[in-house]
Each structure stands twice: as structure tokens, then as C-alpha cells.
Amino acid sequence: MKWEYRCPSCGARYAIEPGRYLCGPCSKANAPGAPLSGVLECVPDSIPAKGSLPLPIEERWFPPIPVGNTPLWRPDRLRAHLGMPGLYLKDDAREPSGSFKDRASYLVAAFARQHGIKEIALASTGNAASSMACIGAAAGIKVKVFVPKSAPIAKRIQVLQYGADLVEIDGNYDKAFDTSLEYSARTGTLSRNTAYNPLTIEGKKTVSFEIVRDLAAAGEGPIEHVFVPTGDGVILAGVIRGFEDLLAMGEISVMPCFWAAQAEGSSAMARALALGRFDALPSTTLADSIAVDAPRNGPFLISKMKKYKGRAVTVDDREILEAQVLGSSLAGFFAEPSSATALAGLVKMSKELGPKARVAVLLTGSGLKDIRNAALAVGAPY
Ligand SMILES: *Cc1c(COP(=O)(O)O)cnc(C)c1O
């Protein structure tokens, strides 16, 4: 099977090769600190065979570290509490670096190995940085990360432990993003910036394959709703890409409803879905992984959400911390605030969805990554 990049806006096609990121014509008007236009999609030249896991890089290039195949939980006590017996938790805190980002880093590292690339650079709110540093360590690739200096300390220490180069930015994620792109442009270093590098979207689709595979193997019905904590919108876009493939391959017969769960204080995607355009409001939320002023994958995700009638739900910081404690105390799952946002979104929608709904909530990061807010959630004096 052959793969190429395709621009979902104008249909232009490009080879998947080093130095290619956005669609040339469609990205001309992109401004620093704004959502990206011209984000590319990976497309195969034929419909993948049933039962396969179609990815644009061959398996032999993947680094020797176990990414993916995370457990799907059936949280009985949480199900009973919410009155939702069809609730599942997909646990990507079990990835090697403790976050969902490993799925994307894994594919980008495979691409780097295939092309003999020795260094990768990226901006991150923290998890993409610790993830790329982790996978880079296993692959023997040098990694340089640009992270706001306000990022939780655990994520920054992970970067140093894995031996990557940590650049702390005096500013927010949006500033780190632009600084890292300047660095990559100046030095020619491969960029793993989320959305900007199309492989970051494609790498994340594997989660959808695992959910569908595991439910089918257990003889349980299909998922009807997927709740995804959303900042830049790359995880959710990857989830949708996975379900698109699964539909084309005949593994599922209907698309689930996709939910973007956002913090009220950082709800650019939810606002864009409602308003039809992006406005730039500064974010304030303790859920650092989804605190994003200008969602980089905004236009790409919104067009997919419109196509599949996806929805958004926003929750405030208090609801996020309550959901964090709910997950910990009723399921034994300790999620970082961004992940708890997806659970909080489900709590908010549970009445409307009703007891028959079959729902997967993506748990994208471990609670140990941000102990300060976890302490706040339980009223501990630390
Ligand atoms: C990055 C991240 C998100 C949000 O993903 P986007 O692609 O930015 O929407 C959610 N949760 C965790 C733990 C993350 O690290």
C-alpha cells in the first residue's frame, strides 16, 4: 500500500518526506499564534484490508518501546454511580511516558529512523515533550523541547531524565510553538509540532482501532460516544481518522458521536463549533495540557466535527477536580486534570445520554504528572 499527504481543503497531494509539513498554497496566510490552515492528512492509495492496522510507516522502523495496546476498563462502581453500565475507560496513562502523546511520538520517531534523521524538535505544554524525549531515548534520537516554564515540574523532570534538551520559555504554549518553529526553520531539524507535522494526527488513530478490536473480541456492542479532552485538537482528529478508516474497512457500520471536552477557561474549539469561526481569547484553566489559546489543529478538526456532527462540552475547573477525584476514588484511575476534563464532560452529559449509551472516555495522562492540582482537589496542604 502506498501513502501520501493530502490537503483536506484543496485536495493537493504531496509525498510523505522530510521537510514537508503544511499544504503550500493553503498555509500561505498562516500567522504566528493562530490556528493552522493547510494541515495535511495521510491517505493510502487503496482501502486497507479488514483486520489490518494501516499506518504510513512500516512496522520495522518503530523504536523498541511498547506503545499502544493500553487497557480498556469496565469501571463497575463508576458505572453504577453514573447509571451508565455501558461506560468504558481507555487508559492511555499506561503509555511509557504516562500520556497519550506517545502514540504520535512513536510514529514520528519511526519516520525519523526510516530517513536517518538524528534530531527532533517540538513545542509542548509538557506531555508531548516528555513523550518525545522518552521515545527518542529508546530510538537513539536527539530531542529538543520548548516548554512554558509554568509547565508542571514532573513533565519537565521527565524530559531531563530521558536526556533531552529542555528549553523553558518565558511565555505560554503559543509562544513556545512559534519559537520551536523558528528553531526548526533555522536548523532544518524535524519538527514534531502537533498538527503541523501530519504524522502526529495519524499516529493517534491507533487508539480507535484498539477500542473497536477489544469490544469485538469481548462480544460487546459498538461504542456510540467518545469523549476526548481537547486542546489543539490533534487527539480528537486522530480518533476520528481511526474511525474513518474502520468505517471504510467495514469494521464498523456507523460512526460514533465525537465529543470535544474542554475547560471553560480554554474552549476555543467549543466556541468555534458554535460560532463558525475562531476568536483568540487567552486561556485560564488548571488543566495545563489543554490550555491553548489558538488550537493548532482548529480548522482540520472543526471540518471533521461538522462532517460527523461532533459535539463539544465545557466544564469549569471545579468540575474538573471533582471528576478527577471521582475517577480516582470510584474506579482507581488517577488522571491528570486534562483527562479528568473528559470524565467531567461525560458527568455533565450523562442525563442527556441516558443509561443505554455506550461510551468510551479517553484517559490521556497520569495524575502523577501534576501533583499540585491533585493536592488541591483533595484539599491536601501541599
Ligand atoms: C495533549 C493532551 C491533551 C489534548 O490533546 P490535543 O491534541 O492538544 O487536543 C489531552 N490530555 C493530555 C494528557 C494531553 O497531554
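Inter-part distance, segment 46-62 to segment 172-209, computed on C-alpha centroids, equals 22 Å.
The antiparallel fraction among DSSP beta bridges confined to the chain stands at about 25%. How much net charge surrounds Val313 when only the other residues with a Cβ under 12 Å from the Cβ of Val313 are counted, with Lys and Arg +1 and Asp and Glu -1? That sum, taken over residues with Cβ under 12 Å, equals -2.
Segment Ala274..Val254, full-extension length gain: 4.8 nm, with 0.36 nm per residue of separation and the alpha-carbon distance subtracted. Summarising the label geometry, the points placed 7 Å from Cα in the beta-carbon direction at Ala380 and Tyr308 lie 3.7 nm from one another.
With the convex hull of its Cα atoms as the shape, segment 193-245 has an orientation-averaged projected area of 3.8 nm². In segment 290-382, how does Rg compare with the Kirkwood Rh, expressed as the Rg/Rh ratio over alpha carbon atoms? We get a ratio of 1.01 for segment 290-382.
Derived from the Cα gyration tensor, the three semi-axes of the equivalent ellipsoid of segment 219-370 are 23, 21, 13 Å, largest first.
Treating each Cα of segment 125-219 as an identical point scatterer and summing with the Debye formula, the log10 of I(q)/I(0) at q = 0.12, 0.14 Å⁻¹ comes to -0.44, -0.57. Expressed per residue, the C-alpha convex hull volume of the chain stands at 126 Å³.
Computed extension length for Ile47-Glu168: 39.2 nm, one decimal, from 0.36 nm per residue of separation with the Cα-Cα distance subtracted.
For the chain, the relative contact order works out to 19 percent when only alpha carbon pairs closer than 8 Å and six or more residues apart are counted. All distinct Cα pairs of segment 62-180 go into the 1/r average, and the inverse of that average, the Kirkwood radius, is 15.2 Å.
Quick one: of the DSSP bridges fully inside segment 223-382, what percent are antiparallel, nearest 5? Around 15 percent antiparallel, to the nearest 5. Taking each of Lys306/Lys369; Lys101/Lys304; Lys90/Lys304; Lys118/Lys304 in turn, the alpha-carbon distance tops 24 angstrom for Lys306/Lys369; Lys118/Lys304. Taking the chain as a Gaussian network of alpha-carbon nodes connected by springs under 10 Å, the highest mean-square fluctuation of the residues Ser105, Ser150, Ser37 belongs to Ser150.
Laboratory data are not the source of any read-out in this text; all were calculated from the coordinates shown. Small disclaimer: the values here were computed from a predicted structure and weren't measured. Here Cβ is always computed from backbone atoms with ideal geometry, including for glycine, and neighbour counts include all displayed protein chains.
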